[in-house]
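The values are calculated or read from the model by the stated rules, or taken from the named source; none is laboratory data. These figures come from a predicted structure and were not determined experimentally. Positions of Cβ are generated from backbone atoms using ideal geometry, with glycine treated the same way; all protein chains shown enter the neighbour counts. The area values use the complete protein model at the heavy-atom level, side chains included, leaving out ligands, DNA and RNA. Shrake-Rupley method; radii C 1.70, N 1.55, O 1.52, S 1.80 Å.
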Amino acid sequence: MYDVETIRKDFPILSREVNGKPLVYLDNGASAQKPNVVIDAITNAYAHEYSNVHRGLHYLSNVATEKYEAVRGTVQRFLNAASENEIVMNSGTTEGINLIAYSWAMPRMEAGDEIILSVMEHHANIVPWHFLRERQGVKLVWVDVDETGGLDPQKVLDAITPKTKLIAVTHLSNVLGSRVDVKTITAGAHAKGVPVLVDGSQAAVHMPVDVRDIGCDFYAITGHKLYGPSGSGAIYIRADRQAEMRPFMGGGDMIREVHKDAITWNDPPMKFEAGTPGIVQQIGLGVALHYMMDLGMANIAAYENTLRDYTRTRLDGLNWLNVQGTTQDKAAIFSFTMTGAAHAHDISTVLDKKGVAVRAGQHCVGPLMDYLGVSATCRASFGLYNTEAEVDTLIDALELCHELFD
Ligand code: PLP
């Protein structure tokens with residue numbers, strides 16, 4: 001049984017107060033809080049098991065290497081990849097997508113080639129492709145969402161032309177909460193020989209992910225949203241795509257031999273992991289993923305869907321609030337603006353006084369903000385430890401804000 005009150009006790013920060021009020025943390029879309037098991041694992045790694053990895057022959061280096069490498073297997077199971085060698089560890093989604101842009105896309109794209117993006121992509125899945133546009137004349141082709149914030153997979157597939165070299169799309173919008181049918185997109189794209197990169201930064205937090213079932217070529221996740229440390233993460237790169245990639249960053253660990261006039265690469269995935277990695281961050285990520293898998297991703301999704309439905313009903317009762325993203329198939333992520341004078345920043349400041357942490361601004365989705373015709377929104381994004389009582393606190397704080405600014 002999913003017992004949220006017991007789960008909350010695993011997260012020490014949730015029992016603190018902010019501005020004299022109990023913390024209501026609804027900024028999980030930006031970064032999630034950490035359970036004791038992760039905090040303890042970090043302390044333990046530094047206190048008892050720390051050393052650099054891969055290069056040492058001494059005891060501590062072997063222990064650290066084993067712990068670090070075990071995380072690759074954990075990520076493999078979390079994403080249901082075929083092999084742990086398909087998991088490249090990194091500092092998060094931004095690094096993962098940049099790796100694909102530099103290592104896979106850059107050498108095989110030329111002027112006039114096209115990359116299809118949805119209008120609701122995060123900057124991490126936009127800016128690396130803009131580099132290719134600026135440097136190589138690659139064209140970015142944008143697919144809009146519908147009026148509910150849903151993305152029709154057929155519209156993405158209809159955008160494919162003989163020039164399309166890649167589809168790069170989110171699995172779940174960080175602002176609208178919309179889920180994207182990346183399996184249908186991948187099947188249709190592959191039928192036309194087009195690879196698919198999925199930004200799983202948000203989706204992997206809220207639902208089970210199976211990269212083999214999706215069939216995608218690349219799938220990026222970021223540890224700090226998965227209840228793990230910041231600076232941790234991974235990207236799934238299917239083995240055949242890895243074989244097509246040159247390394248992006250050069251340095252230690254990613255090479256086999258270095259001479260004055262020649263180098264040979266290490267095998268993947270090490271070929272794509274240059275330098276000393278975020279050893280302890282990754283160890284923390286492994287523990288966080290175990291924590292989530294122990295709760296059960298399907299259980300987390302079911303619980304959060306109940307929370308989403310409750311929040312939706314409560315927000316629907318506020319006729320002075322405009323919620324962006326009304327599609328039924330969404331996670332518990334709600335972006336909104338208020339009619340009247342209150343700017344998103346005002347709303348978040350008033351909410352903060354009530355102990356409610358939400359995010360206000362552009363949420364790193366410039367094209368979506370343009371498309372929605374808003375300069376900023378407020379976003380309440382829920383995690384596995386939030387409760388209906390916290391939704392009520394949010395609603396009370398919003399009502400106060402409405403009174404103040406109306
Ligand atoms: N993609 C999405 C959908 C996100 O929500 C985020 C973070 O907000 C990112 C990518 C970037 O993740 P990171 O900053 O951890 O690399």
Other-chain or far-sequence residues with amide H under 5 Å of Asn28's (modelled H): Ser381
Accessible surface, 1.4 Å probe, highest first, among residues Arg238, Arg72: Arg238, Arg72
Pairs from Lys225/Lys330; Lys67/Lys271; Lys139/Lys260; Lys9/Lys183; Lys139/Lys330; Lys163/Lys183 whose Cα-Cα separation, in the structure shown, is over 28 Å: Lys139/Lys260; Lys9/Lys183; Lys139/Lys330
Sequence-separation-based contact order of the stretch 1-144, relative, with Cα cut under 8 Å and 6+ spacing, percent: 13
Cα pair distances exceeding 40 angstrom across the chain, given as percent: 18
Residues listed by number, the stretch 287-322, amide nitrogen under 19 Å from Glu388 label point at 7 Å toward C-beta: 299-318
Point-to-point label distance, Leu404-Val127, nm (Cα→Cβ direction, 7 Å offset): 3.1
J(HN,Hα) series, the stretch 10-18, from Karplus relation 6.51 cos²θ - 1.76 cosθ + 1.60, nearest Hz, glycine and proline x: 6, 10, x, 5, 5, 9, 8, 9, 10
Chain lengthening between Thr184 and Gln154 when straightened (0.36 nm per residue, less Cα-Cα): 10.0 nm
Computed FRET value (nearest 0.05) for Asn305 with Met1, which takes r as the C-beta separation and R₀ as 25 Å: 0.95
Nonlocal amide H pairs with Val18, under 5 Å, H built at 1.01 Å: Leu23
Separation of the Ser230 and Asn52 label points, Cα + 7 Å toward Cβ, nm: 2.6
Cα Rg over Rh - the stretch 68-171, Kirkwood: 1.02
Label-reachable residues, the stretch 259-290, where backbone N falls under 19 Å from a point 7 Å from Ser61's Cα toward its Cβ: 266-267, 270-271, 273-280
Net lengthening on full extension, Leu140/Ile255 (0.36 nm per residue, minus Cα-Cα): 38.0 nm
Sequence-distant residues sharing a close amide H with Val356 (under 5 Å, placed H): Val24
For peptides 370-383, 6-19, sequence by mean Cβ density within 10 Å, most packed first: 370-383, 6-19
Mean ellipticity per residue at 222 nm, deg cm²/dmol - from DSSP H runs of n ≥ 4 across the chain, formula -39500 (n - 2.57): -11500 deg cm²/dmol
Taking the chain and dividing mean pair separation by its residue count, relative contact order in percent (alpha carbons under 8 Å, at least six apart): 23
